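Read-outs throughout are calculated quantities, based only on the coordinates presented, and are distinct from any laboratory measurement. Note that this is a predicted model, so its numbers are computed, not measured. Counting neighbours? That spans all protein chains shown, and the Cβs are built from the backbone with ideal geometry, glycine included.
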Amino acid sequence: MAANNRRMSGKKGAQVGSGGQRRKGLEGKGPTPPAEMRKKHKKNRIATAKAKQAARRPAPRGRGGKGTSEMVVGRNPVVEALREGVPASTLYVQQFIDNDERVREALQLAAERGGINLMEAPRPELDRMTNGLNHQGLVLQVPPYEYAHPEDLASAAYDDGEDPLIVALDGVTDPRNLGAVVRSVSAFGGHGVVVPERRAAGMTAGAWKTSAGTAARTPVARATNLTRTLEAYKKAGIVVVGLAADGEAELGELEALHGPVVIVVGSEGKGLSRLVGETCDFRVRIPMPGGAESLNAGVAAGIVLYEAARRRV
C-alpha cells in the first residue's frame, strides 16, 4: 500500500526516466539529400557516370591569358582615354580638387559611359597608387586586357565562312604601333592580331587610344612562342608571309593573299627575327620608289592588308 501511495503521489522529485534516449529518438536526421547524392538512386548513378566521363575528357585549351591592370594619370590623359573608349573600371578623383573644365568633362564622360565606379580619395592615397606621378587629382584604372588564343582567330574566320587574314607582330614594342595595326586589321576585314607574350607591346591604354575604338571588336591574341604559333598555323593550312626589306618577292607578285594567310611584321629597326623569318613560307618586300629604308609596323601592315582586301573583293 505504501508503495502504491508513493506511485500515486503528486509530489515532485526525481523519477526514473529514459535518460533522454526517447527524445533523441524523436529528433530528425536533417533534410533529405537530393537524389543525385543518394547511393543506389538512379540519378546518383547517372551523375557518377557523367563525372567519370568529364574526368576522362581532355582539358580545355588554355586561353591567351590576361594582361595587367594599368593606371592612366593626369587630367588630359584621363579625358582622352575616356573619349577614345578605353575600358575603365574606376575613376579616382582627389578630394577637394579644383573643379576645372577637364575634371567636369572626365566626370561627365565616366557617368555617360556607365559601369565606371567614381571614387573620391585623398591626395596621399593617389600619390601612393601612382608611385608619386603627377596625377593632377585624376586617376583612371584600366582593367587587365583579356587576350584571345591564337587558334581562336582562325576558328572565328572559318566559322564565318571566310579565309583567315591575321597579322602577327614580331618584336614590335611600341603600343601605338600595335594600336595602329589593330585599326588597320579592323578597317580591311582582318580577323585579329597575334603578339608574343614577352618583349612585345601589349594592349595598354596607349594601344587602345591609337586603335580609335576598334580594339573593342578586333581580338588580340597572345602567343607563348611566336615561332611555334606560326608553325601551328602552317599545319592548319594557313600560309605565313613575312615582310622583309630583302624579301625574295615583291608584294604585287604574291598570290597567297587570296587565301588564308598570316602576315608577319617585324620591328622597324631589326625586322624579322631569324627563327621567325625561317618559319615563313614567303618573305616579301614592299616596293618603295621614294627610297625609304623601312616603314613602321602600322604603315607596313596597312599596305599589305589593303592589298589583301582588294584581291578578296
Can you work out the Karplus-derived ³J(HN,Hα) for every residue in the stretch 272-282? Use 6.51 cos²θ - 1.76 cosθ + 1.60 with θ = phi - 60°, whole Hz, and x for glycine or proline. 6, 6, 4, 5, 5, x, 5, 7, 5, 6, 9
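May I ask for the Rg/Rh ratio of the stretch 124-236, computed from Cα atoms with Rh as the Kirkwood radius, given to two decimals? Intermediate results must be reported in sequence, preceding the final value.
Working: Rg = 16.3 Å, Rh = 15.2 Å.
Rg divided by Rh gives 1.07.
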Cα-Cα pairs of the stretch 135-195 separated by more than 20 Å (percent): 38
Rg [Å, one decimal], Dmax [Å, integer] - the stretch 159-313, C-alpha atoms: 14.1, 42
Please list, in order along the stretch 298-309, the HN-Hα scalar couplings obtained from phi with the Karplus expression 6.51 cos²θ - 1.76 cosθ + 1.60 (θ = phi - 60°), rounded to whole Hz, x for Gly and Pro. x, 5, 4, 4, x, 5, 5, 5, 4, 4, 5, 5
What the 10 Å binned alpha carbon P(r) of the stretch 230-313 shows, as percent of pairs per bin from 0, is 17, 55, 26, 2
Please name which of G132, T218, I166 has its Cα lying farthest along the dipole of the stretch 124-238 towards the positive end, using unit charges on Cβ (Lys, Arg +1; Asp, Glu -1) and the Cα centre as origin. G132
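What is the sum of charges, Lys and Arg at +1 and Asp and Glu at -1, for the other residues whose Cβ falls under 14 Å from the Cβ of A212? Before the final figure, lay out the partial values.
On the way: positive: R83, R176, R183, K209, R217; negative: E80, E84.
Result for the neighbourhood of A212: +3.
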Additional length obtainable on full extension of the chain from A216 to E151, 0.36 nm per residue less Cα span: 21.5 nm
